[in-house]
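Heads up, the thing below is written out as structure tokens.
The values are calculated or read from the model by the stated rules, or taken from the named source; none is laboratory data. Note that the structure is a prediction, hence the values are computed from the model and not measured. We place every Cβ from the backbone using ideal geometry, glycine too, and count neighbours over all the protein chains shown. We work out accessible area using only protein heavy atoms, side chains counted, and drop any ligands, DNA or RNA first. Shrake-Rupley method; radii C 1.70, N 1.55, O 1.52, S 1.80 Å.
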Amino acid sequence: MEAKGRAKPPSLALPWKTRMILSVITTTSDAALRKNGTVNRRFLKLFDIRVRPTSKSVKGVSSHDVVVDPSRKLWFRVYVPSQHANEDLPVIVFFHGGGFVFLGPDVPAYDAVCRRFARELPAVVLSVDYRLAPEHRYPAQHEDCFDVLKFLDNEENMAKSLPANANLMRCFLVGDSAGGNLAHHVTLRACQFNFRRLKVIGVVAIQPFFGGEKRTDSETQLKGTPIVSLKRTDWMWKAFLPRGEEFDRDHPIINVSGPKAYDISKIEFPPTMVVIAGFDALRDWQKRYYEWLKDSGKEVYLYEYPNMCHAFYIFPELPESTQLFRQVNEFVRNVSRNSDK
């Protein structure tokens, strides 16, 4: 009898253009991370393309920048859909990814993502430029993002920064990768802060950057997938945590659902959308986050993309990217409708 061979494990199938871009991103990022825990920013500037705001509407969206604190170069970019000027619109506060080390609101990929959110939801979108590690370690990033919410809660700041139809009582915190981590932790703080003109009513965590001491199956089995790897994430966590602290991936800022997790069972944490992908090495941590929220009695929805990798949604040529934007639209609409009841 002829022995049956083992079935080949599924492989990541992407268009050649997407693969090429992911390869360039991965290679460039690795080349910039030094063994001594610093980032070669001079090298990154060779590839650094930034997009300026557009006061005139481009493809239905205008944008402008708002400075919160010049001393720490804290600012955000506002995206306004021009065809919905007479509608009451939710506010999306967006936190970009990059492992707390790379990128910003004005890189082409995130500028395009936020324009797309503004146009397709529609919503007024604010994209925050928080400080980066290792030059600025935790809690700098989380403080910056929370301070943007406090800035917006001031009536004068709000009037100068946002259009009149932006409804801060329908505020959603949205982020991918490191931004997903920020979205969770900033929301947790917002739930315990007495805002006067702002209310966070929903969270969208797109492939959030979490971790822990014990290696998961997805971390060990998905070694060759784009953008995320054990070596890369370990480097970033070491660059992120404060100097002098023992390196502990079970730190509650990293392992949000781990042994040192914050008890949120009695906190009114808002409805949350969690997005995971089959070829993302962080997948198991993201799934645990969903299960932890569910076990804590929170309203949470899981959206799985079994054939996609980390950061897939920033590539508009992928059908799954279009699908995700539609699902975010649906989530925002449903949560907004329920909050009005």
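Per residue, the convex hull spanned by the Cα atoms of the chain amounts to 166 cubic angstrom.
Counting only DSSP beta bridges with both residues in the stretch 43-127, what percent are antiparallel, rounded to the nearest 5? About 75 percent, rounded to the nearest 5. Counted over the stretch 49-340, the DSSP beta bridges are approximately 35% antiparallel.
Its residue count N fixes a reference of 2.2 N^0.38 Å for the stretch 112-185, and the Cα radius of gyration divided by that reference is 1.17. This model, with +1 at the C-beta of Lys and Arg and -1 at the C-beta of Asp and Glu, gives the stretch 49-340 a dipole about its Cα centre of some 380 debye.
The phi-based Karplus calculation (6.51 cos²θ - 1.76 cosθ + 1.60; θ = phi - 60°) puts the 3J(HN,Hα) values of the stretch 245-252 at 7, 5, 5, 9, 6, 8, 3, x Hz, whole numbers, x for Gly and Pro. The 1.4 Å probe gives accessible areas that order 129, 111, largest first, as 129, 111.
For the stretch 66-132 versus the stretch 161-202, the spacing of their alpha-carbon centroids is 12 Å.
When the helices of the chain are scored as -39500 (n - 2.57) per DSSP H run of n ≥ 4 and the total is divided over every residue, the value at 222 nm lands at -10500 deg cm²/dmol. Here the contact order of the chain, divided by its residue count and restricted to Cα pairs under 8 Å and six or more residues apart, works out to 16 percent. Too long at a 31 Å Cα-Cα cut-off: which of 73/214; 199/294; 73/238; 59/223; 35/214; 56/298? Distance filter (> 31 Å) returns 73/214; 59/223; 56/298.
Once each of the chymotrypsin sites (Phe, Trp or Tyr not before Pro) sitting in a DSSP loop with at most 14 other beta-carbon atoms within 10 Å is removed, the chain keeps 48-192 as its longest stretch.
Amide H to amide H, with H built 1.01 Å from N, residue 278 comes under 5 Å of 305, 307, 308, counting only residues 5 or more places away or on other chains. Farthest towards the positive end of the charge dipole of the stretch 49-340, among the residues 57, 193, 108, is the Cα of 57, using unit charges on the Cβ of Lys, Arg, Asp and Glu.
For residue 62, the residues whose modelled amide H falls within less than 5 Å of its own, excluding neighbours fewer than 5 places apart on the same chain, are 80, 82. Here the Kirkwood formula puts the hydrodynamic radius of the stretch 168-212 at 10.7 Å, using every distinct Cα pair. Residue by residue, the stretch 289-306 carries 3J(HN,Hα) couplings of 4, 4, 5, 5, 4, 5, 5, 7, x, 9, 7, 9, 10, 10, 10, 10, 10, x Hz when phi is fed to the Karplus relation 6.51 cos²θ - 1.76 cosθ + 1.60 (θ = phi - 60°); x denotes Gly or Pro.
Loop-located trypsin sites (Lys or Arg not before Pro) in the stretch 243-326 (DSSP state not H, G, I, E or B) with no more than 14 neighbouring Cβ atoms inside 10 Å: 243, 260, 266.
Taking the inverse of the mean reciprocal distance over all distinct Cα pairs, the Kirkwood hydrodynamic radius of the stretch 115-236 comes to 16.2 Å. Projecting the Cα atoms of 324, 26, 205 onto the dipole axis of the chain, where Lys and Arg carry +1 and Asp and Glu carry -1 at the beta carbon, places 26 farthest toward the positive end.
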